[in-house]
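The values are calculated or read from the model by the stated rules, or taken from the named source; none is laboratory data. This one's a predicted model, so the numbers in the text were calculated from it and none came from an experiment. Note that each Cβ is placed from the backbone with ideal geometry, even for glycine, and that neighbours are counted across all protein chains shown. Calculation scope for accessible area: heavy atoms of the full protein, side chains included, ligands and nucleic acids excluded. Shrake-Rupley method; radii C 1.70, N 1.55, O 1.52, S 1.80 Å.
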Amino acid sequence: MTDHILIDRAGETHALNVIRFNRPDKKNAITRAMYAAMAKALSDGEADDTVRAHVILGTPGAFSSGNDMQDFMAVAMGASKGEEVFDFLIALATVTKPVVSGVDGLAIGIGTTIHMHCDLTFATPASRFHTPFVDLALVPEAGSSLLAPAAMGHQKAFALLAAGLPFSGEEAERAGLIFKTVSVDELEPAVFAAAEHLAAKPPKALAIARRLIKPDPDLVTARIREEGALFAAQLKSAEALAAFQAFMARKK
Ligand code: COA
């Protein structure tokens, strides 16, 4: 297991399954071990009847800088298949309990697309939602090509996912990517208050309401797999390798 993901039960009745990124020196870049830990935490939380909501948090200044670049290289070189990412994404796309998330600062790549599966996301105004997939010669992932246009309409989804334009917290709120912007001091209190609010509701009725409101999970998981196949092919392309190498070499 990795200590780059912290798992905790919070709330008055320990009903909140809290998953927190804890790799601040790398801006919470997500490794395979971290995906595996998050997938397990979600499935453990789903199986535990005392858990009523999942909470996903980062650290001050960084929710996540996205997939770890070294791991991208490992998959590109054939050293890993990267199945841990899929296990996590399928777990996230199919949870039945509500998911509340909080963002301060960087939310890059999957650090942005995670929130498209969340039910209430709070972010600080200075947060930066950015998906530079195409700049890295990659394609949208995590079901974002389906979820983003449904949430924001084509043009905003295209601006974020294809043009790679960053959205501030406020722009993300206006676009419908997140629920609400709050100050840094208010961020975690707002996340926990929202999660506690949901945790107090009749769980079965909430699960049914959530299922009715969200896109069909079978469609979402099918899109995750479709995107994944295209993403994997692009990951092995010469243009993607050049982009990863440029990132690695940028400080030399
Ligand atoms: N994978 C691996 N390491 C990463 C990382 C990532 N996705 N993002 C940041 N890091 C590491 C950096 O290599 C650096 O490590 P070092 O101190 O050992 O050199 C550390 O985190 C801090 O990053 P740094 O680039 O120095 O900070 P910054 O504030 O100047 O920039 C980012 C932060 C996130 C904007 C920049 O690091 C970046 O663009 N990262 C890549 C993001 C990305 O493209 N993710 C994939 C999306 S599909």
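Here are the numbers:
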| item | result |
| --- | --- |
| Inter-label distance for Asp44 and Ala238, nm, one decimal - labels placed 7 Å from Cα along Cα-to-Cβ | 4.6 |
| DSSP bridge orientation in the range 1-86 - percent antiparallel, rounded to nearest 5 | 55 |
| Cα gyration tensor shape for the range 5-199, rounded if a/c is under 1.5, else prolate or oblate | oblate |
| Positive-pole candidate from Pro132, Thr31, Pro149, dipole of the range 5-199, charges at beta carbon | Pro132 |
| Per residue accessible area of the chain, 1.4 Å probe, in Å² | 46 |
| Contour minus Cα-Cα distance for Val184 and His14 (0.36 nm per residue) | 58.8 nm |
| Extension gain (nm, one decimal) between Lys214 and Leu6, 0.36 nm per residue minus Cα-Cα | 72.1 nm |
| Partner aspartates and glutamates for Lys156 [C-alpha distance under 18 Å; skip if fewer than 8 residues away on the same chain] | Asp135, Glu141, Glu170, Glu171, Glu173 |
| Net charge, Lys251 excluded, C-beta distance under 15 Å - Lys, Arg +1, Asp, Glu -1 | +3 |
| Count, lysine Cα pairs under 27 Å in the range 179-248, 8 or more residues apart or across chains | 5 |
| Gain on full stretching of the segment that runs from Ala126 to Thr96 - 0.36 nm per residue minus C-alpha separation | 7.7 nm |
| Cα centroid separation - the range 118-189 against the range 45-105, whole Å | 16 |
| For the chain, size of Cβ-based charge dipole, Lys and Arg +1, Asp and Glu -1, in debye | 320 |
